[in-house]
Structures are given as structure tokens and as C-alpha cells.
């Protein structure tokens with residue numbers, strides 16, 4: 001039996017795929033612990049998960065588009081979260097004594113602490129942005145990002161001459177996607193494209209299943225856990241679009257109630273958090289309207305559900321374009337599309353069978369990566385191959 005420590009940010013779309021891999025590791029007899037913001041992780045993982053809390057603090061809301069959104073992500077979350085968690089992470093490693101760490105790319109402090117203790121670590125890439133190097137044509141942007149990471153490396157007390165990018169483990173990079181959504185990504189031996197990680201999640205007893213009308217087509221609307229600051233106007237336009245579709249379509253919108261208009265049509269159901277996998281596995285969804293985040297896209301495609309995507313930032317435009325090119329959905333401009341445009345595109349996704357057929361095909365391609373089983377096997381091999389392993 002080995003001990004694995006999972007280091008993840010307090011973001012649902014990043015926790016969920018890691019949770020699937022963790023459950024597979026536990027089923028194989030390994031010991032798993034988590035570290036991060038306990039108030040976020042524990043409700044997502046359930047009461048039985050062992051969570052070492054690193055404390056809670058507020059971080060700047062993310063905003064903007066393009067390079068502005070990149071700067072907001074790094075300066076408003078990635079760097080300050082790494083600084084805030086570095087010391088408690090070191091304490092957790094000393095207490096738990098893991099054989100290996102699985103570190104989300106948005107939590108580089110986990111990789112730095114693994115380096116400090118000479119432990120093997122794997123990167124978890126729940127998105128495509130870091131894998132495909134979308135800013136390689138902008139060397140000054142890449143240099144700025146590298147500078148941020150080098151400063152964190154120095155803060156961790158690691159030798160400058162030994163710097164390695166903490167987003168990319170030299171041992172193993174687990175990516176919850178597939179080549180169909182990554183384009184011309186180079187084939188590297190430490191990259192494992194395991195595809196969507198689908199696993200049972202803690203049930204949400206508060207979800208009002210009785211309000212879903214089986215006689216209507218159902219659309220899930222979710223714009224991600226990091227989009228609250230910029231998503232309200234788009235959700236307002238979406239509600240107007242849904243009102244145009246009449247009684248034939250109903251929507252489940254995962255958002256804070258305050259981000260939506262006061263008057264909602266009867267066809268709109270609002271919940272703080274939607275049981276996405278349960279809705280998909282029960283065949284309750286006919287389409288998903290989302291921001292193009294890899295987690296939502298992968299889970300939808302794995303169940304053959306087509307998408308309407310309004311990408312906001314980071315890797316979302318890239319992912320949305322790949323899905324649209326494959327015919328598994330359509331893309332609309334987040335900031336410019338009006339209610340009529342949303343309504344028209346949504347009807348196309350719902351009415352044209354080719355989108356569902358393409359989604360089913362793309363989903364099968366992604367699922368061939370092996371999911372949680374493949375991820376757990378690669379982590380076991382990481383420990384077995386480690387020079388420090390006694391197993």
C-alpha cells in the first residue's frame with residue numbers, strides 16, 4: 001500500500017476529476033489524503049475524505065478576457081494561493097509522509113514542496129491551456145509566466161540552478177482530456193491523456209428532481225466556478241433566450257440566485273450546484289450550455305450530449321473551437337451574442353441529430369484514455385519506479 005497526497009485548488013471543476021482518481025486508488029488499497037481549503041473540499045468530497053486544511057482566505061475575483069484574464073488568474077489566484085499554502089503544505093507533508101503527490105497545475109506550491117522533500121509528484125492537468133502552450137507565439141507573455149514561477153521556486157528555498165516548471169512534472173502529467181481536444185500536442189512519454197474521469201459523487205439531496213418535466217427537452221446551463229464576476233449579464237441573456245423557446249425546453253441553471261434576473265420563466269430551475277454527472281448518467285439532459293471548460297465538456301461528450309459553448313478565458317476558446325470543428329456542438333461569442341443568437345444556436349444543437357452523433361463519437365474517443373483506472377495505474381507506477389520507494 002502507498003500513500004498519496006492530492007493537492008488541489010478550491011474549485012469544483014478541479015476537485016471532481018481528482019476525486020475520481022482518488023477513489024480508484026482507495027479501491028486498490030492505497031491511502032489517500034487531500035490538502036487545500038477544507039471548507040470547500042470537504043463538502044465536495046464527503047465526510048469520509050481525509051482533508052488536511054491549509055486555511056481559508058478570500059482571493060480576488062477573476063475578470064477580463066484574453067491576456068487580461070491570464071494576468072487576473074495568475075496575480076489574483078495562482079500566485080497568492082501558492083504563497084498562502086506553501087508553509088501549511090510543508091507541515092502536511094511532514095505529518096502525512098506521502099509516497100507521492102498528485103498536484104493540480106493551478107497549485108504549484110504542491111510541486112515545490114514535493115521538490116523540497118525529494119518526493120515524486122505527478123501533475124494533474126484538468127484543462128488544456130497549460131498543455132498546448134497557447135502563448136508560445138507571445139514570448140514576452142511566456143517569459144512573464146516563467147518569472148512568476150521562478151519567484152515561487154526561490155520562495156520555497158529551492159536552488160535556482162535546479163529550476164523546473166512546477167506545472168509540469170518530469171515524472172508524470174495526468175491530463176483529463178484526449179488528443180481529439182488537444183490538436184498538435186507533442187507526444188511526450190510522461191504525458192498520460194486519460195480522458196474524462198467519471199465517478200460517483202456525493203448525492204445532493206436538495207436537488208428538486210420532481211421539477212424536471214420528462215415531456216420537455218432539458219438544457220443544463222453552467223458557466224464554471226470561476227466566472228461569477230463576469231457571468232451575470234450572459235446568464236440574463238440566456239434566460240431571455242430560454243423564454244423565447246416556450247414550453248418545449250426547460251433549463252437547469254447552476255448559479256447563485258443573485259446572478260439571475262428577478263423574474264424567471266417557469267421553464268427555468270436555478271440551483272447553486274447541479275449534480276452534473278447524475279443528470280448526464282440518467283439521460284436527463286439533451287444539451288449543455290457552458291463556458292467550454294474541459295471538465296464540463298469532457299463529461300458531456302462522454303455521455304454523448306452536444307454542447308453550446310460561450311468561452312470566456314484561458315483554454316476555453318481553444319476547447320470550444322475543437323468541439324465545434326468536430327461537429328459536437330456550436331460556439332457563440334460570450335460578450336456579444338444576444339438572446340436571439342443564443343436561442344437560435346441552442347435550437348440547432350437540440351434539433352440537428354448530427355451534433356449528438358458527433359458528440360457520441362468524440363466521447364468514445366475521449367473515454368478510450370482509460371479514465372480513473374488509467375490514472376491510478378500510472379500513479380502506482382510512479383511510486384514503484386521512484387528511487388526512494390521501498391515497495
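Screening the candidates 241, 229 for the property of being in a helix (DSSP H, G or I) and at pLDDT below 85 yields one hit, 229.
For segment 36-56, filtered to residues that are within 18 Å of residue 78 (Cα to Cα) and under 17 Å from the mean Cα position of the chain (by Cα), the residue that is surrounded by the fewest Cβ atoms within 10 Å (Cβ to Cβ) is 40. Pairs linking a residue in segment 75-90 that is closer than 13 Å to residue 103 by Cβ to a residue that is part of a helix (DSSP H, G or I), with Cβ atoms under 6 Å and 6 or more positions apart or on different chains, are 82/108; 82/109; 82/152; 85/109; 86/109; 89/109; 89/113. One residue stands out in segment 284-328 among those that are free of Cβ contacts under 8 Å to residues at least 40 places away in the same chain and out of contact with any helix residue (DSSP H, G or I) (no Cβ under 7 Å at 6 or more places or on another chain): the one that is surrounded by the fewest Cβ atoms within 10 Å (Cβ to Cβ), namely 325. In the set (1) in contact (Cβ under 8 Å) with a residue 60 or more places away in the chain; (2) assigned to a helix (DSSP H, G or I), the condition left unmet by residue 5 is number (2).
For segment 329-344, the condition holds for no residue, the condition being that it is in contact (Cβ under 8 Å) with a residue 12 or more places away in the chain, farther than 17 Å from residue 233 by Cβ, surrounded by fewer than 19 Cβ atoms within 10 Å (Cβ to Cβ) and touching a helix residue (DSSP H, G or I) at 6+ places or on another chain (Cβ under 8 Å).
Would you say residue 127 is touching a residue at least 24 places away in the same chain (Cβ under 8 Å) and at positive phi? So residue 127 fails the test. Of the residues 192, 156, which is at pLDDT 90 or above and under 20 Å from residue 109 (Cβ atoms)? Criteria check complete, one pass: 156. Is it true that some residue in segment 265-274 is in the same structural domain as residue 221 (by TED's automatic domain parsing), surrounded by fewer than 18 Cβ atoms within 10 Å (Cβ to Cβ), within 27 Å of residue 45 (Cβ to Cβ) and free of Cβ contacts under 8 Å to residues at least 24 places away in the same chain? Looking for residues that are in the same structural domain as residue 221 (by TED's automatic domain parsing), surrounded by fewer than 18 Cβ atoms within 10 Å (Cβ to Cβ), within 27 Å of residue 45 (Cβ to Cβ) and free of Cβ contacts under 8 Å to residues at least 24 places away in the same chain, one finds at least one in segment 265-274, hence yes.
The values are calculated or read from the model by the stated rules, or taken from the named source; none is laboratory data. Owing to the predicted nature of the structure, the values given are computational and were not obtained by experimental measurement. Neighbour counts are summed over all protein chains in view; Cβ atoms, including those assigned to glycine, are modelled from backbone coordinates with ideal geometry.
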